[in-house]
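Chemist: Got a structure here, written out as structure tokens. Questions coming.
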Amino acid sequence: IRVDLKHPRGLDLVQRLAEGSDVLVENFRPGTAARLGLGYQDLAELNPRLIYASISGYGQTGPWSTRPGYDAIAQAQSGMMSITGEPGGAPVRPGVPTADIGAGMWATIGVLAALRARELTGRGQHVDVSLFDGQLAWLSYVASGYFATGELPCRFGSAHPTIVPFQA
């Protein structure tokens, strides 16, 4: 369905839907849903069992929370692009939207955990996921290599940094 959230009837409709829902997923900039009367606190009052997932560029709190976030920006700022591409070449954006897909996966994991917690407590939760955080989490191998050796990560093309032969 299409709902005009700035119209009182649209707002009422979403609030009534949230009253009987298990999970709500939103991806507005932080604060936007609350300004509309659809923030976690607003809807948790109507439905204390609601699992409310927020996906944004940089999370609901922190110094960058109000910045817009998009897949390519999260890939670039996290360092994902700096390790993607051919050796000696320019950074490359992966062929799939890794930040968008990753954030959806992290949100799904958070929602599933919150549903399990709700079985035990009877209460819903607010799941906060950012595109940027998800990209950083996927760079754990790269970060551990840097922390172990002090060497900056580089692009390996289709090769692997520690397994030979492994490239396409």
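Chemist: Determine which single condition residue 91 fails, assuming it passes every other condition in (1) in a loop (DSSP other than H, G, I, E, B); (2) open to solvent by less than 70 Å² (accessible area, probe 1.4 Å); (3) in contact with a helix residue (DSSP H, G or I) (Cβ under 7 Å, 6 or more places away or on another chain).
Modeler: (2)
Chemist: Now a separate question. Would you please name the residue that is nearest to residue 21 (Cα to Cα), looking only at residues in segment 78-88 that are buried (at least 16 other Cβ atoms within 10 Å of the Cβ) and touching a residue at least 60 places away in the same chain (Cβ under 8 Å)?
Modeler: 78
Chemist: Moving on to the next point. Kindly check whether there is at least one residue in segment 48-55 that is open to solvent by less than 20 Å² (accessible area, probe 1.4 Å), in contact with an Asp or Glu (Cβ under 6 Å, 6 or more places away or on another chain), more than 29 Å from residue 158 (Cβ to Cβ) and not acidic (Asp, Glu).
Modeler: Yes, that holds for at least one residue.
Chemist: Only one of these is surrounded by fewer than 17 Cβ atoms within 10 Å (Cβ to Cβ), of a type outside the set (Ser, Thr, Tyr) and over 17 Å from the mean Cα position of the chain (by Cα): 37, 62, 31. Name it.
Modeler: 37
Chemist: Find all pairs meeting these conditions: Cβ atoms under 9 angstrom apart; at least six residues apart or on different chains; first residue within segment 106-123 and free of Cβ contacts under 8 Å to residues at least 60 places away in the same chain; second residue charged (D, E, K, R).
Modeler: Correct list of pairs: 106/133; 110/128; 117/123.
Chemist: Tell me, please, whether a residue that is among the polar types (S, T, N, Q), in a helix (DSSP H, G or I) and closer than 28 Å to residue 53 by Cα can be found in segment 143-163.
Modeler: no
Chemist: Regarding segment 123-141, can at least one residue be identified that is in contact with a Phe, Trp or Tyr (Cβ under 8 Å, 6 or more places away or on another chain) and among the aromatic types (Phe, Trp, Tyr)?
Modeler: Checked segment 123-141: at least one residue is in contact with a Phe, Trp or Tyr (Cβ under 8 Å, 6 or more places away or on another chain) and among the aromatic types (Phe, Trp, Tyr).
Chemist: Being assigned to a helix (DSSP H, G or I), in contact with a strand residue (DSSP E or B) (Cβ under 9 Å, 6 or more places away or on another chain) and surrounded by 15 or more Cβ atoms within 10 Å (Cβ to Cβ) is the requirement here; does residue 111 meet it?
Modeler: yes
Chemist: Of the numbered conditions (1) over 21 Å from the mean Cα position of the chain (by Cα); (2) in a loop (DSSP other than H, G, I, E, B); (3) surrounded by 14 or more Cβ atoms within 10 Å (Cβ to Cβ), residue 18 satisfies every one except a single condition; which is it?
Modeler: (2)
Chemist: Looking at (1) closer than 22 Å to residue 59 by Cβ; (2) open to solvent by 90 Å² or more (accessible area, probe 1.4 Å), which is the only condition residue 102 fails?
Modeler: (2)
Chemist: Does residue 35 qualify as being basic (Lys, Arg) and out of contact with any helix residue (DSSP H, G or I) (no Cβ under 8 Å at 6 or more places or on another chain)?
Modeler: yes
Chemist: Continuing with this model, one more query. Could you give me the residue pairs with C-beta distances under 8 Å whose first residue belongs to segment 62-77 and is under 16 Å from residue 27 (Cα atoms) and touching a residue at least 60 places away in the same chain (Cβ under 8 Å), whose second residue is in a helix (DSSP H, G or I) and polar (S, T, N, Q) wherever it lies, and which are 6+ apart or on separate chains?
Modeler: Close Cβ pairs satisfying both conditions: 71/98; 74/135.
The values are calculated or read from the model by the stated rules, or taken from the named source; none is laboratory data. Just so you know, these numbers come straight off a predicted model, no measurement behind them. When we count neighbours, we look across all protein chains shown, and the Cβ atoms used for this are built from the backbone with ideal geometry, even at glycine. SASA here: full protein model, heavy atoms, side chains in, ligands and nucleic acids out. Shrake-Rupley method; radii C 1.70, N 1.55, O 1.52, S 1.80 Å.
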